[in-house]
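Read the structure below first, then the notes.
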Amino acid sequence: MSRRKVAMDGNTAAAYAGHALNEVIAIYPITPSSGIGEMADAKSAKGQKNIWGQIPAVSELQSEGGAAGAVHGALSTGSLTTTFTASQGLLLMMPNMFKIAGELTPAVFYVTARTVATHALSIFCDHSDIMAVRSTGFAILSASSVQEVMDLALVAQAATLESRVPFVFTFDGFRTSHEIQKIEEITFEDMKAVINDDFIKAHRRRALTPDRPAIKGTSQNPDVFFQERETVNTHYRKTPAIIQAVMDRFAKQVGRQYKLFEYIGAPDAEHVMVIMGSAAETVQEAVEFLEAKGEKVGMVKVKLYRPFAIENFVKSLPASTKAITVLDRTK
């Protein structure tokens, strides 16, 4: 199958995938994700359709909290829904994120990772916003390049529908989000081949409707509440394997193979660096340069950060590993 090679930045790749894979898009612009919402809005205004032949409804709310509430409501009606945010905007979405995850509702939030304001507001692209939402119950999938933004957005959408665990799909703000690269544009046919429509139908059947009455959002006493919280464990335990299976399906369709943890470097490496995000591209060049000079070094690119699949991580390391250096992009 012939695919176009196009020059675009990470936000354009995210807008392409997010608009193609959703029916409702609730936005409130925040740097550096604003461009994704603007492009998605422009696509719908021009009558551009998603992969199912619908024009996604794009609505700008009055805050990130409103956008997250709209996403939660639309998801509860069985719509495929997304939003785009960063930094404080993501933090304002947290109450709804706990609800969305707790109700096992599939969704993908696109997050251009950016530092959360402390002594000053900044556009520095650290991961403090991503780290702040680890406890919400959202899976966290990370892209390191513009190509990965387009590819892994599709992986996240297919995996969330199957696992019922919602996803934060993240890439570094003002780095990957604004970096222009020539990439291969995946087609709508590719997307249809990777997405399993049976899971979309299952999502629709769980919708709140008077035709099929169900109860959601109750109040519970502690004796029942925590027991029910424990029942989600099986979904989270299955999620890493589901994501890898989707990655394998993607590879079969498109030809690019991804793994939850990608090892690069000497097969007998003694020193291995672990990293997530755009800096992985730079570290890879250094590792390949040093390996060519005979250095026993390697690196692991973290794609799936939550749920953290410890067995997959350990298997990705060479048996010769003596030291691990973790580059953590947050204070």
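The values are calculated or read from the model by the stated rules, or taken from the named source; none is laboratory data. Values in this document were obtained by computation on a predicted structure and should not be read as measured data. Because the Cβ atoms are built from the backbone with ideal geometry, glycine has one as well, and the counts that use them run over all protein chains shown. All accessible areas refer to the heavy atoms of the entire protein, side chains included, with ligands and DNA or RNA removed. Shrake-Rupley method; radii C 1.70, N 1.55, O 1.52, S 1.80 Å.
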*What residue among Asp198, Asp41, Asp129 shows peak mean-square fluctuation when the chain is described by a Gaussian network model with Cα springs under 10 Å?*
Asp198
*Roughly how many percent of the accessible protein surface of the chain is carbon and sulfur, given a 1.4 Å probe and a whole-percent answer?*
54 percent
*In the structure shown, do any of Lys99/Lys201; Lys216/Lys252; Lys192/Lys216; Lys182/Lys252; Lys182/Lys315; Lys301/Lys322 have a Cα-Cα gap over 27 Å, and if so which?*
Lys216/Lys252; Lys192/Lys216; Lys182/Lys315
*Helix axis angle, 279-292 relative to the chain longest principal axis, alpha carbon, degrees*: 20 degrees
*When the Karplus curve 6.51 cos²θ - 1.76 cosθ + 1.60 is applied with θ = phi - 60°, which whole-Hz ³J(HN,Hα) does each residue of the range 129-140 get, with x for Gly and Pro?*
6, 5, 5, 6, 10, 4, 8, 6, x, 6, 5, 10
*What is the range 38-196 by shape, rounded, prolate or oblate, if you read a ≥ b ≥ c off the alpha carbon gyration tensor as root eigenvalues and call it rounded for a/c under 1.5, prolate for a/b larger than b/c, and oblate otherwise?*
rounded
*Given H placed on each backbone N at 1.01 Å, which residues far from Ala107 in sequence or on other chains put an amide H within less than 5 Å of it?*
Phe167
*Going 7 Å from the Cα of Leu61 in the Cα-to-Cβ direction, what parts of the range 19-46 have a backbone nitrogen less than 13 Å from that spot?*
25-29
*List, in order, the whole-Hz ³J(HN,Hα) value for each residue of the range 64-71 obtained from phi through the Karplus relation with A = 6.51, B = -1.76, C = 1.60 and θ = phi - 60°; use x for Gly and Pro.*
5, x, x, 4, 5, x, 5, 4
*Return the long-range amide H neighbours of Ile140 (sequence gap of 5 or more, or a different chain), with a cut-off of under 5 Å between placed amide H atoms.*
Val168, Tyr305, Arg306
_Positive-end extreme of charge dipole, the chain - chosen from Pro32, Ala117, Ser63 (charges on Cβ)_ = Ser63
*Using alpha-carbon positions, what is the distance between the centroids of the range 212-240 and the range 244-280, in Å?*
33 Å
*Collect residues whose amide H, placed 1.01 Å from N in the peptide plane, falls under 5 Å from the amide H of Ile55; neighbours closer than 5 in sequence don't count.*
Asn50
*Can you work out the accessible area per residue across the chain, with the rest of the protein chains kept in place, probe 1.4 Å, in square angstrom?*
45 Å²
*Length released on extending from Gln48 to Lys238, taking residue separation times 0.36 nm less the Cα-Cα span*: 64.9 nm
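Quote the charge dipole size of the range 1-82 about the Cα centre in Debye, to the nearest 20; the model charges only the Cβ of Lys and Arg (+1) and of Asp and Glu (-1).
The calculated dipole for the range 1-82 is roughly 480 debye.
Using only the Cα atoms, what convex hull volume per residue in Å³ does the chain have? Walk me through the intermediate numbers first.
Working: hull volume 50.6 nm³, N = 331.
So the per-residue Cα hull volume is 153 Å³.
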